[in-house]
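Reviewing the structure listed below.
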Amino acid sequence: MKQLQKVGRTLVMGIVNVTPDSFSDGGDFATPSAAIARGRQLLAEGADLVDVGGESTRPGAARVPVDEELRRVLPVVAELAAEGAVVSIDTTRADVARAAVDAGASLVNDVSGGLGDPAMLITVAELGVHYVAMHWRGQSDVMQQLTHYDDVVRDVARELAGRRVAALAAGIAPERLILDPGLGFAKTPDANWTLLAHLDRLAALGQPLLIGASRKRFLGELLDGREPVLRDDASVALTALLARQGVWAVRTHTARAHADAIAVASRLAREAVGGVE
Ligand code: PMM
């Protein structure tokens with residue numbers, strides 16, 4: 001299993017959705033061979049790792065049976081890991097996480113932050129891999145009804161802090177725990193912008209941050225309803241701003257432009273602290 005290297009800049013996590021129905025690229029990479037080819041392309045274009053998922057989390061989506069999720073993701077994880085890639089498994093299920101790590105994944109990306117499966121945190125602790133705990137309030141079929149916050153930054157920070165405590169209590173090493181505000185998950189478009197404007201309050205929880213903004217609906221709304229594939233330029237603009245703030249990683253549908261934006265932001269950041277020889 002290839003481990004994540006410390007590179008001193010924001011990482012690009014390239015998305016490989018092995019699903020027929022994701023909001024942004026649904027069906028494009030639904031067969032294992034198409035998904036593997038997509039993963040290779042993202043890596044060749046500068047992704048530091050790939051995030052393989054077999055269950056759509058788009059608002060309203062129904063659950064996929066566990067056997068079907070395994071059937072979709074395992075060949076893709078196994079092949080990309082065998083080729084030397086750092087592979088993340090995007091799942092809320094402990095059994096899928098375990099099988100994917102056995103197949104070569106070195107990170108578990110759980111959009112439910114451990115709330116979707118009571119066995120998840122303990123399983124990840126036992127596997128000893130990196131873990132992304134995303135802010136989540138309920139499954140995709142109900143999340144649009146869970147968008148009320150008294151103060152979105154304070155409430156998300158408090159709820160994520162709770163997931164952090166639970167993850168550490170289960171035995172996940174603090175240096176392997178990453179937090180994510182979960183843009184678009186039980187969030188209105190305005191709530192996403194508010195969170196993005198106050199990431200320092202989430203960073204204050206003491207863990208690295210992963211941000212998944214790529215092609216999301218709040219960018220479509222900003223751009224007068226533009227369809228997902230036409231939101232990439234705005235997604236890249238956000239990546240540059242996030243890299244300047246030092247987020248740990250961005251989760252994106254394309255790689256090269258995001259990697260370039262990060263290169264620009266980190267060159268500028270080095271200059272700001274005294275320049276380079
Ligand atoms: N968003 C999606 C899926 N998985 N994982 C993390 N950690 N953060 C996210 O924001 C996130 C995620 C939904 O987007 P997609 O359907 O384009 O993959």
*Quick one: Karplus J couplings for segment 71-80, per residue in order, coefficients 6.51, -1.76, 1.60, θ = phi - 60°, nearest Hz, x for Gly and Pro?*
4, 6, 8, 4, x, 6, 4, 4, 5, 5
*With the Cα gyration tensor of the chain in hand, convert its eigenvalues to equivalent ellipsoid semi-axes via √(5λ) and list them largest first in whole Å.*
24, 22, 21
_Dipole magnitude (debye, nearest 20) for segment 58-157, charges at Cβ of Lys, Arg, Asp, Glu_ = 120
_Computed FRET value (nearest 0.05) for Ala237 with Arg154, which takes r as the C-beta separation and R₀ as 35 Å_ = 0.85
_Test item: Cα-centred dipole of the chain, Lys/Arg +1 and Asp/Glu -1 on Cβ, debye_ = 440
*Rank the residues Ser112, Ser140 as a footprinting-exposure proxy: fewest other Cβ atoms within 10 Å of their Cβ go first.*
Ser140, Ser112
*Among Val156, Val101, Val66, which one moves the most in a GNM of the chain with springs linking Cα atoms closer than 10 Å?*
Val66
_Under the rule a/c < 1.5 gives rounded, and otherwise a/b versus b/c splits prolate from oblate, where does segment 73-116 land using the Cα gyration tensor?_
prolate
*Segment Ser33-Arg71, length gained on full extension (0.36 nm per residue, minus Cα span)*: 12.4 nm
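The numbers here are math on the coordinates, done by the rules we state, and not lab data. Values in this document were obtained by computation on a predicted structure and should not be read as measured data. Because the Cβ atoms are built from the backbone with ideal geometry, glycine has one as well, and the counts that use them run over all protein chains shown.
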